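These notes concern the structure reproduced below.
The values are calculated or read from the model by the stated rules, or taken from the named source; none is laboratory data. What you are looking at is a predicted structure, and each value in this text was computed from that prediction instead of being measured. As a convention, Cβ positions derive from the backbone with ideal geometry for all residues, glycine included, and neighbour counts pool all protein chains shown.
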Amino acid sequence: MKYITLIFKNLRRNLIRSGLTAVGVMVLVLVVTLIWSILSFLDKATAEKADNLKGIVSERWTLPSQMPFSYANSLSDGSAREPQDARPTDAMTWQFFGGSLDPKTRSFENSLFAFALEPAKLLTMMDELDNLPAAQRDEFSLTVKKLEETRQGVIVGKTRLAKINRRVGDRITLYGLNYRNLELELEIVGLFPEGRYDSSAAMNRDYLNAALDAYPLTHNGEQHPLALKSLNLVWLRFPDRKVFEEVGQQIAESPFYSSPAVKLETASSGISTFLTAYRDLVWGMRWLLAPAILVTLSLVISNAIGISVRERRMEMAILKVLGFRPNQVLGLILGEALMLGGVAGFLSSTLTYLVVNFWMNGVRFPIAFFGVFYVPDAALWWGLAIGLGTAFVGSLLPAWSTRRVRVIDVFSKVS
């Protein structure tokens with residue numbers, strides 16, 4: 001305890017230097033924690049599951065996937081044709097509709113991107129919405145029920161609703177961006193729970209399909225260009241890998257999906273495909289940005305400890321005269337660095353965890369269709385580990401130099 005007390009007192013001797021070093025550590029740990037949180041979320045999203053896994057059916061050769069809606073029912077049943085055929089436990093279709101609130105001036109602020117789907121599937125198939133806390137689930141169930149009862153309804157995320165400057169209950173007209181010349185009149189019936197879908201929207205697929213069916217009546221009998229390729233994805237849930245593989249074989253061998261051909265892949269594999277466009281960004285964050293920050297952090301601590309050691313050569317000599325062994329002096333310097341780095345790192349990651357998750361409700365960093373990222377529980381020890389690790393690496397050389405401090409050389413310069 002006396003040794004630890006001595007370390008603590010040494011840090012207090014120059015509060016400005018110790019404080020600035022601690023602030024530097026906290027800022028850099030904050031950045032690394034945010035980067036690792038995003039990478040951790042993406043790794044988890046692309047990790048394979050052994051059971052209760054999801055699969056994605058999409059067009060085999062084209063991205064973005066565009067399939068005829070006539071595929072929807074059979075694909076949702078896993079292309080099962082016989083009673084003994086394997087079937088998914090649940091399914092959901094996705095159609096993407098992007099629209100603008102202003103037909104003339106189109107900008108990010110007046111645009112809305114919506115998933116057209118079966119409303120009930122929001123509670124059983126949508127990631128994170130399928131395992132909401134009981135109270136939150138009951139509240140959102142009422143919103144989903146409104147969407148089922150209001151065919152022209154739409155659910156919007158809180159952030160997106162604020163961007164378009166609308167409120168729940170307002171009526172809007174969406175002028176199609178990907179569905180050119182298609183106009184949808186919608187009523188905002190509710191909000192998504194705060195979190196992942198803050199910038200998203202969901203509408204009833206029946207309304208979109210009815211609008212496509214009615215399109216020829218106002219366009220000289222011509223079908224909409226996307227009428228036969230409005231189905232983008234079909235999500236399937238499987239109890240285990242065996243059923244997934246059996247359904248995959250049924251879909252691959254089915255003669256009904258030839259134009260266009262389709263493929264079934266795990267949700268993690270499908271997400272990896274969507275992330276291809278961000279591959280260089282993710283790679284740079286993982287292997288360039290984060291390591292560069294860790295090196296910078298080590299240099300910050302090394303510089304601070306190095307200055308301290310050079311200023312305290314007389315003190316080191318006196319300690320040796322008093323009987324301190326070289327390793328004890330070295331441990332004293334290492335202890336100062338470890339205490340400073342560890343405490344500052346732990347405080348930084350803890351504050352980041354609390355502020356991001358409970359005050360900011362996540363970090364807005366849109367990658368693919370992930371809009372919000374949260375700091376995982378593991379981050380609480382990341383800061384401590386980063387602080388201790390970089391402090392040890394950065395202070396090792398300055399601390400080692402104290403072993404070479406010779407008493408006679410120091411006192412001869414004084415005399």
Could you check, for the range 361-373, whether at least one of its residues is in contact with a Phe, Trp or Tyr (Cβ under 7 Å, 6 or more places away or on another chain), at pLDDT 90 or above and of a type outside the set (F, W, Y)? no
Test A86 against the stated conditions and say whether it is more than 30 Å from V343 (Cα to Cα), hydrophobic (A, V, I, L, M, F, W, C) and modelled with pLDDT of 90 or more. yes
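Just one of L236, L208 is assigned to a strand (DSSP E or B), crowded, with 20+ Cβ neighbours inside 10 Å and not aromatic (F, W, Y); which is it?
Working: L208 fails: assigned to a strand (DSSP E or B).
Checking each option against the conditions leaves just L236.
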Residues (closer than 20 Å to R241 by Cα and within 32 Å of the chain's Cα centre (by Cα)) located in the range 66-85: L75, S76, D77, G78
Cβ-Cβ below 7 Å, separation at least six or inter-chain, first residue in the range 379-403 and outside any helix (DSSP H, G or I), second of a type in the set (D, E): which pairs? none
The listed residue being surrounded by fewer than 18 Cβ atoms within 10 Å (Cβ to Cβ), over 29 Å from L42 (Cα atoms) and at pLDDT below 90, out of S401, S308: S401
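Taking helices (runs of 4 or more DSSP H) that fall entirely within the range 260-358, which contain at least 1 residues that are closer than 26 Å to V31 by Cα?
Ranges flagged: 267-274, 279-284, 290-311, 326-354.
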Condition first: in contact with a Lys or Arg (Cβ under 8 Å, 6 or more places away or on another chain), of a type in the set (F, W, Y) and surrounded by 14 or more Cβ atoms within 10 Å (Cβ to Cβ). Can you find one or more residues in the range 124-142 that meet it? no
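Using the structure shown, decide if R171 is assigned by TED's automatic domain parsing to the domain that holds S76 and at pLDDT below 95. Break it down stepwise before answering.
Numbers: assigned by TED's automatic domain parsing to the domain that holds S76: yes; at pLDDT below 95: no.
It is false that R171 is assigned by TED's automatic domain parsing to the domain that holds S76 and at pLDDT below 95.
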Mind telling me which of the residues L351, L388 ends up being within 19 Å of L332 (Cβ to Cβ) and either surrounded by 15 or more Cβ atoms within 10 Å (Cβ to Cβ) or modelled with pLDDT of 95 or more (or both)? L388
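For (1) free of Cβ contacts under 8 Å to residues at least 24 places away in the same chain; (2) in a helix (DSSP H, G or I); (3) not hydroxyl-bearing (S, T, Y), each residue gets a yes or a no:
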site	(1), (2), (3)
R137	yes, yes, yes
L142	no, yes, yes
L147	no, yes, yes
R166	yes, no, yes
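In this structure, does L63 turn out to be outside any strand (DSSP E or B) and within 23 Å of the chain's Cα centre (by Cα)? Quick ask: steps written out before the conclusion?
Values: outside any strand (DSSP E or B): yes; within 23 Å of the chain's Cα centre (by Cα): yes.
For L63, the condition - outside any strand (DSSP E or B) and within 23 Å of the chain's Cα centre (by Cα) - is met.
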Is it fair to say A135 is over 19 Å from M203 (Cα atoms) and in contact with an Asp or Glu (Cβ under 7 Å, 6 or more places away or on another chain)? no
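So, in the range 113-132, of the ones that are aliphatic (A, V, I, L, M) and in a helix (DSSP H, G or I), which residue ends up farthest from Y207 (Cα to Cα)? Reasoning before the result, please.
First, the residues of the range 113-132 that are aliphatic (A, V, I, L, M): 114, 116-117, 120, 122-123, 125-126, 129, 132.
Filter once more, keeping what is in a helix (DSSP H, G or I): 120, 122, 129.
Numbers: A120: 15, L122: 16, L129: 23 Å.
Among them, the one singled out is L129.
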Restricting to the range 71-97, name every residue that is surrounded by fewer than 16 Cβ atoms within 10 Å (Cβ to Cβ) and of a type outside the set (D, E, K, R). N73, P83, Q84, T89
Just to check your reading of the model, which residue among L186, L217 is without any contact (Cβ under 8 Å) to a residue 60 or more places away in the chain and buried (at least 16 other Cβ atoms within 10 Å of the Cβ)? L186
Here is a list: A214, A227, A202. Which entry is of a type in the set (G, A, S), in a strand (DSSP E or B), in the same structural domain as T105 (by TED's automatic domain parsing) and on the phi < 0 side of the Ramachandran plot? A202
What do you reckon, is G157 modelled with pLDDT of 95 or more and within 27 Å of the chain's Cα centre (by Cα)? no
Can you report the number of residues in the range 149-164 which are out of contact with any strand residue (DSSP E or B) (no Cβ under 6 Å at 6 or more places or on another chain), touching a residue at least 24 places away in the same chain (Cβ under 8 Å) and of a type in the set (A, V, I, L, M, F, W, C)? 2
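Report yes if some residue within the range 101-112 is within 16 Å of G190 (Cβ to Cβ), in a strand (DSSP E or B) and within 24 Å of the chain's Cα centre (by Cα); otherwise report no.
Let us first name the residues in the range 101-112 that are within 16 Å of G190 (Cβ to Cβ), namely 112.
Okay, now just the ones that are also in a strand (DSSP E or B), so 112.
With within 24 Å of the chain's Cα centre (by Cα) added as a condition, the list becomes 112.
Scanning the range 101-112, I find at least one residue that is within 16 Å of G190 (Cβ to Cβ), in a strand (DSSP E or B) and within 24 Å of the chain's Cα centre (by Cα), so the answer is yes.
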